[in-house]
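Asker: Before we start, here is the structure in question, set down as structure tokens.
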Amino acid sequence: MNLSTIDKIPKNVTVLEICNNKIGKIENLPPYLEHLNCSLNCIQKIENLPMLLKEFNCGYNLITKIGKLPYFLDKFYCWRNQIEKIENLPSSLKIFACYFNTIHTIENLPRKLQVLDCFSNIISKIENLPHSLKKLYCHDNQVYKITNLPNHLTDFTYYGNNIDIVNIINNKTKTKPMTLKNIVAEYIIKIS
């Protein structure tokens, strides 16, 4: 069954999976919805999401701009769209995957963010990363500068970039090669 519209969804629905259809617009969603997966559709715009939404996957659509997201959103996946700029992410967000877009700027990341998966965009700078960040995947961008890299990262990929400068918080040495074990610094380190 290939849906092109969604309507008449019962108000008490909390989980909705409407993947791999031909849906062009999402509207009139149930007010108690907590998990929404509308990936692999033809959606162009995101707006009026339910306030209680905690997990939202809108990957592989035609979205160019993200409007206001719900306050309690914990996980947001908007991979493989046409998004150019990310702003105004909710403060509750812990996981954010926005890979394969045309994003050039990521600003004002939430303080609770633990995973940032932003590879394969056109990002040039990543600044003011939250100290809560544990995983950063920023490979295959145009990144030349990362500042304030948190000292407790467990995963960090940056290949395919031309990173010249990284300001690493609380590092004891400038001479060791950059590995996850010695990403604990306060010096500017050349990575070329």
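Asker: Would you please give the FRET efficiency between K94 and K8, computed as 1/(1 + (r/R0)^6) with r the Cβ-Cβ distance and R0 = 25 Å, to the nearest 0.05? Show your work: numbers first, answer last.
Answerer: On the way: r = 33 Å, r/R0 = 1.31.
Calculated value: 0.15.
Asker: Would you work out which of L62, N88, Y32 lies farthest towards the positive end of the dipole of segment 1-141, given +1 charges on the beta-carbon of Lys and Arg and -1 on that of Asp and Glu, about the Cα centre?
Answerer: Final value for the positive-end residue is Y32.
Asker: What shape does segment 19-88 take by its C-alpha gyration tensor, where a ≥ b ≥ c are the square roots of the eigenvalues and a/c under 1.5 counts as rounded, a/b above b/c as prolate, and the rest as oblate? Each step should come with its number before you reach the end.
Answerer: Details: a/c = 1.64, a/b = 1.20, b/c = 1.37.
Oblate, since a/c reaches 1.5 and b/c is not below a/b.
Asker: I've got another one for you. For labels at Q82 and E127 in the simple 7 Å Cα→Cβ model, what's the distance in nm?
Answerer: Each label point is offset 7 Å from its Cα along the Cβ direction, giving 3.0 nm.
Asker: Something else now. Residues with beta-carbon under 10 Å from that of N37, excluding N37: net charge, scoring Lys, Arg +1 and Asp, Glu -1? Mind showing how you got there, number by number?
Answerer: On the way: positive: none; negative: E17, E55.
It works out to a net charge of -2.
Asker: Quick one: length gained pulling E107 to L153 fully straight, 0.36 nm per residue minus the C-alpha distance?
Answerer: On the way: separation 46, 0.36 × 46 = 16.56 nm, distance 1.94 nm.
This chain segment gains 14.6 nm when fully extended.
Asker: So what is the relative contact order for segment 65-142, in percent, with contacts set as C-alpha pairs under 8 Å and at least six apart? Intermediate results must be reported in sequence, preceding the final value.
Answerer: Details: 185 pairs, mean separation 19.4, N = 78.
The normalised contact order for segment 65-142 reaches 25 percent.
Computed from the coordinates by the stated procedures, all read-outs in this text should not be read as laboratory data. Keep in mind that this is a model prediction, so the values were computed, not measured. Glycine gets a Cβ as well: all are built from the backbone with ideal geometry, and neighbour counts include every protein chain shown.
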